[in-house]
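Only one structure is covered here, and it is reproduced in the block below.
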Amino acid sequence: TTDVYYDEDVDASHIEDKTVAILGYGSQGHAQAQNLDDSGVDVVVGLRESSSSRTEAEADGLRVETPAAAASEADIVVMLVPDTVQPDVYETIEDGLDAGDTLQFAHGFNIHYGQIEPAADVDVTMVAPKSPGHLVRRTYKRDEGTPGLIAVEQDATGDAKQEALAYARAVGCARAGVIETTFQEEVETDLFGEQAVLCGGVTDLVKAGFETLVDAGYAPEMAYFECLNELKLIVDLMYEGGHMGMWNSVSDTAEYGGLTRGESVIDREGMEKILEEVQNGEFAREWISENQANRPAYKQYRSAEQNHQIERVGADLRELFAWDGEDADADAAEAPA
Ligand code: NDP
Ligand code: MG
Ligand code: MG
């Protein structure tokens, strides 16, 4: 079985005398910077001059420099700007990475797909909280934490893993448990999961169910409740008790119908193709060139999604049921990213 590291397994001294540059002050950046600061680690935030996050970071009591200045004074440089802009930001901070410094990520895309190629004398690591930033911050303040992953891609100093563990501890992850993985495994499982199951699979399943009912003449409001709204109740049961916890809570009729009919809507070959395109880099190449072209397809898909009937029906219904909507917002913000 996989080793899980907790606070008591980690030697905090591996980060004690180091300066950490947090590049970006968004979801992960604001959380990791403040948790490190509260853990007594020397933190400098790196933001471009024009950044709208500057005042926020300063109001939180942190020192802010440009990414280049922050990186050059730091021993550990953490890339917490959006993945699509990381290669550009890297160009501006590359000179600040001295031999023995660490370049750290929270997601492996740019390293695994060769968009950033650090010098061989630099440690390249990952510390990835398995949770959106606001929860990384909120749980830390309650003396709890969110589980996290660490990975070492390049170990120039021989200290990369111990340092990553110490960092994971300082942001609170080792309170909940830290697992070691590789950049490849983290990227491939993350992309597959969000495409096939979490973000892609589930929205298309909901849409297909909704359209099937509406096309057959049922009220869109009924279809919305049945296929989208109730999904949360089912997912909550699965989250708490696994599939059996869910099956035990629904009616026997729902259980029998689900067990006998569910598989027929799943396309296993389609799933394997998704995984293949993640593994062979086809998806990554497509997404990189899509960004280079200023996202024409992305914009089209987004606008089609915005204009889908389920969005209009849902917006109206959520307004009518505002008492539930507020609750749903708070819970949605805690969903996996
Ligand atoms: P965000 O989108 O929240 O990052 C926004 C920050 O990046 C802002 O401070 C913004 O400042 C800055 N930024 C944006 N563009 C630039 C630029 N061109 N140059 C300099 N700074 C810029 O990022 P996330 O926190 O979502 O993601 C950071 C990393 O963490 C990614 O690798 C992601 O995959 C990973 N991750 C994210 C999780 C999440 O929950 N969101 C979970 C686990 C990992 P400005 O005001 O200048 O625009
Ligand atoms: Mg440096
Ligand atoms: Mg992802």
Within the range 196-203, identify whether any single residue is modelled with pLDDT of 95 or more, within 16 Å of ligand 1 (Cβ to nearest atom) and among the aliphatic types (A, V, I, L, M), and answer yes or no. yes
Matching residues in the range 120-144 - criterion: being away from ligand 1 (no atom under 14 Å from the Cβ) and either β-branched (Val, Ile, Thr) or at pLDDT below 95 (or both): VAL122
Which residues, taken from the range 66-100, are under 18 Å from VAL127 (Cα atoms) and either among the charged types (D, E, K, R) or more than 15 Å from ligand 2 (Cβ to nearest atom) (or both)? ASP75, LEU80, VAL81, PRO82, ASP83, GLN86
Hey, could you check the range 173-222 for residues that are more than 16 Å from ligand 3 (Cβ to nearest atom) and of a type in the set (Asp, Glu) and say which is farthest from GLY314 (Cα to Cα)? GLU180
If you check LEU80 against the conditions, is it within 22 Å of GLU16 (Cα to Cα), without any contact (Cβ under 8 Å) to a residue 60 or more places away in the chain and assigned by TED's automatic domain parsing to the domain that holds GLN34? yes
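Away from ligand 2 (no atom under 16 Å from the Cβ), over 23 Å from the mean Cα position of the chain (by Cα) and of a type in the set (Ser, Thr, Tyr): is that true of SER50 in this structure?
The answer is yes for SER50.
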Take ALA156 and decide whether it is modelled with pLDDT of 95 or more and part of a helix (DSSP H, G or I). no
Considering residues that are surrounded by fewer than 18 Cβ atoms within 10 Å (Cβ to Cβ), touching an Asp or Glu at 6+ places or on another chain (Cβ under 9 Å) and of a type in the set (A, V, I, L, M), the number found within the range 81-140 is 2
If we scan the range 180-194, do we find a residue that is touching a residue at least 12 places away in the same chain (Cβ under 8 Å), surrounded by 13 or more Cβ atoms within 10 Å (Cβ to Cβ), touching a Phe, Trp or Tyr at 6+ places or on another chain (Cβ under 8 Å) and not in a helix (DSSP H, G or I)? yes
Before we move on, is ARG48 of a type in the set (Lys, Arg), touching a helix residue (DSSP H, G or I) at 6+ places or on another chain (Cβ under 9 Å) and at negative phi? yes
Any residue at all in the range 13-21 that's near ligand 1 (Cβ under 9 Å from one of its atoms) and either among the hydrophobic types (A, V, I, L, M, F, W, C) or assigned by TED's automatic domain parsing to the domain that holds ASP155 (or both)? no
Is it true that some residue in the range 61-72 is within 25 Å of GLU16 (Cβ to Cβ), among the basic types (Lys, Arg) and in the same structural domain as THR19 (by TED's automatic domain parsing)? yes
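Within the range 1-31, can you find the residues that are assigned to a helix (DSSP H, G or I) and in contact with a strand residue (DSSP E or B) (Cβ under 6 Å, 6 or more places away or on another chain)? Please lay out each step first, then the result.
So in the range 1-31, the residues assigned to a helix (DSSP H, G or I) come out as 7-9, 13-16, 27-31.
Once the filter is applied, which keeps residues that are assigned to a helix (DSSP H, G or I) and in contact with a strand residue (DSSP E or B) (Cβ under 6 Å, 6 or more places away or on another chain), the range 1-31 yields only GLY29.
When you check GLY172 against the structure, is it at positive phi and more than 15 Å from ligand 1 (Cβ to nearest atom), yes or no? Before you say what the answer is, go through the steps one by one.
Details: at positive phi: yes; more than 15 Å from ligand 1 (Cβ to nearest atom): no.
When the stated conditions are applied, GLY172 does not pass them.
Please give the helices (runs of 4 or more DSSP H) falling wholly within the range 245-322 in which 3 or more residues are loosely packed, with under 14 Cβ neighbours inside 10 Å and in the same structural domain as GLY209 (by TED's automatic domain parsing).
On the way: elements: 252-261, 268-279, 282-292, 296-306, 309-320.
It comes to 268-279, 282-292, 296-306, 309-320.
The values are calculated or read from the model by the stated rules, or taken from the named source; none is laboratory data. Bear in mind the structure is a predicted one, so any value in this text is a computation, not a measurement. For neighbour counting, all protein chains shown are included, and Cβ atoms are generated from backbone atoms with ideal geometry for every residue, glycine included.
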